[in-house]
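K.L.:
Take a look at this one; I'll ask things after.
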């Protein structure tokens, strides 16, 4: 039977991978929907420079999210590989 500790470690690992995927696609979503699409439709091609602020914001969020989820994945994998005293 799987222990509660192992279950939590696997949940952290899966949640870390999901959060990493979301944080990698977040800049694409923010840049395309909020920056590029709305800016160019309303204001023409000159609005691409205005959408760069959206891109910068979304990249910062992506780097922070990727770092947090990367640490969660690293420590969860390290904990999963560790042997429990009772289960060899």
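All of the numbers you see were taken from the coordinates with simple rules; none came from a lab. Bear in mind that the values here come from a model prediction, so they are computed numbers and not experimental data. Every residue, glycine among them, receives a Cβ derived from its backbone with ideal geometry; neighbour counts consider all protein chains shown.
K.L.:
Could you check the simple spin-label distance between residue 64 and residue 24, using points 7 Å along Cα→Cβ, in nm with one decimal?
P.N.:
Label-label distance for residue 64 and residue 24, simple model: 2.1 nm.
K.L.:
Would you mind calculating the gained length between residue 56 and residue 78 on full extension (0.36 nm times residue separation, minus the Cα-Cα distance), in nm to one decimal?
P.N.:
Extending this stretch completely gives an extra 4.6 nm.
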